[in-house]
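What follows draws every value from the coordinates through simple rules; no lab data is involved. Since the structure is predicted, the reported quantities are computational estimates derived from the model, not experimental observations. Note that we place each Cβ from the backbone using ideal geometry, even for glycine, and neighbour counts take in every protein chain shown.
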């Protein structure tokens, strides 16, 4: 067959990821902090963009063109501004008053005595309108910021380095100590082998071991340990309490974890009273001696969506305007520089800046309205959780929300990543409300895995100290409530909640 050049015309379909589409997808999965950083960068690079210092509704007027049409069941009116509160009546009456308290304690979810788990319960607190960024920077109107109230704390490395020059006179030991300090993790344990350090410094491992023994006398006691047993032994040696019986106890920490006191008394050769004293000494030790150093200030979570109850029933969902960047396209400036541009390259650059600015404004509008639609549908689907408690959390997957608002699952996944909603029950990431389903043994409605875990913990909390519930017994009790679950699933949920087995619980309660 001859190889000759020829022209062919083919027709096909392909998905082209334009820069504008990539930008819109990227903005959807940004958190509010990442979005603010991105918008600041665009403001610095694009001369046609300027911040909207006057505020307003948080969206530029040009963004109204990009507002997507609301589906019939998403509770959003086509003419509603995306930043105005959107409300809808729920099927069940909410159990919270209009000024319901914001409980941000996650432990409250597992507490059967929560004031929000009773109909009409809950204290009388703060309104969402008071959650703003504050405003005012005068000395008599605003207090210091959170960062200004933090004290300067010495880091772990600084604390150890300061002791290095005081307690080690040999320059070789000091050099070894500098390398070993870099190998200490945030808990105070030495990670890694000593052989690479010896090879790097061209000395024997025995010399590194000898230097390590001196470093293990540093403050805090237990630092530079290579295992939990060694950490506890260093602390006991510092208290002059490391006798042979205690060393044997540390060599059998697996029995301590199992609360097998009979086996421990046999291997240590002590009676019950001595064993009780030894266990009390172990509990008084610090398994992570360096946690007091290098503390990172906890940054508060800024919710993207506010939710509150409405008079007469239902919920009100609104976007947090403080987290929405406000940008405008300066069309007047565009007209001026467009007229002054002479070369073709200048005109192309100006046109590109205008297109990029318009797309950014449109993408921000699309992001805001999409978050609001997804949050609204989540609240409608999980109305039982907000009204009655965690035991009424429904199983939910991304496909359920995507079908309800007529969007793709990948879009819902991006919207729910790193987005938080402030509710009367606390501040939750939107992904929290998506839980797998556990089938009903009677063929009824499926149960959420979170509600099943809540029920397992409630059963264990109410068990008899002398007769703890085994996993098989918990399976049987859940079966009477039409929850079909396997024993290994109960064990997995129990271990995830850090609840020991029935044997360990019996031993723990017997030793108290």
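Here are some notes:
- Span from the the range 309-383 Cα centroid across to the the range 199-266 one, whole angstrom: 59 Å
- The overall shape of the range 142-284 is oblate: from the C-alpha gyration tensor, with semi-axes ordered a ≥ b ≥ c, the ratio a/c is 1.5 or greater and a/b is no larger than b/c.
- Backbone N under 16 Å from the residue 210 label point (7 Å along Cα→Cβ), restricted to the range 170-184: 170-177
- Förster radius 56 Å - calculated FRET efficiency between residue 8 and residue 158, Cβ distance, rounded to 0.05: 0.20
- Remark: spin-label model distance residue 310-residue 501 equals 5.3 nm, labels positioned 7 Å along the Cα→Cβ axis.
- Relative contact order of the range 436-511, defined on C-alpha pairs under 8 angstrom at six or more residues apart (%): 32 percent
- Sequence ranges 196-206, 40-50, ranked by mean other-Cβ count within 10 angstrom, highest first: 40-50, 196-206
- Among 281, 481, a tally of other beta-carbon atoms within 10 Å of each Cβ gives an order, fewest to most, of 481, 281.
- Taking a point 7 Å from the Cα of residue 170 along the Cα-to-Cβ direction, the residues of the range 208-245 with backbone N closer than 18 Å to it are 208-218.
- Protection proxy ranking, peptides 218-229, 178-189, 340-351, average beta carbon neighbours within 10 Å, highest first: 218-229, 178-189, 340-351
- Comparing Cα centroids, the range 466-512 and the range 388-434 end up 29 angstrom apart.
- Extension reserve of the residue 341-residue 21 stretch, reckoned as 0.36 nm per residue once the Cα distance is removed: 112.3 nm
- Ascending count of other beta-carbon atoms within 10 Å, so fewest first, for 301, 378: 301, 378
- Under the criterion of Cα pairs below 8 Å and six or more residues apart, the relative contact order for the range 156-283 equals 15 percent.
- Length gained when the stretch residue 219-residue 38 is fully extended (0.36 nm per residue, less Cα-Cα span): 60.7 nm
- Ordering of 329-336, 155-162 by packing is 155-162, 329-336, highest average first (other Cβ atoms within 10 Å, averaged per residue).
- Extension gain for the segment residue 403 to residue 477, taken as residue separation times 0.36 nm less the Cα-Cα distance, is 23.1 nm to one decimal.
- Between residue 431 and residue 229, the simple label model (points 7 Å from Cα in the Cβ direction) yields a spacing of 3.9 nm.
- Overall form of the range 1-53 per C-alpha gyration tensor (a/c, 1.5; a/b vs b/c): prolate
- Note on residue 292 and residue 253: the model spin-label points, each 7 Å out from Cα along the C-beta direction, lie 2.1 nm apart.
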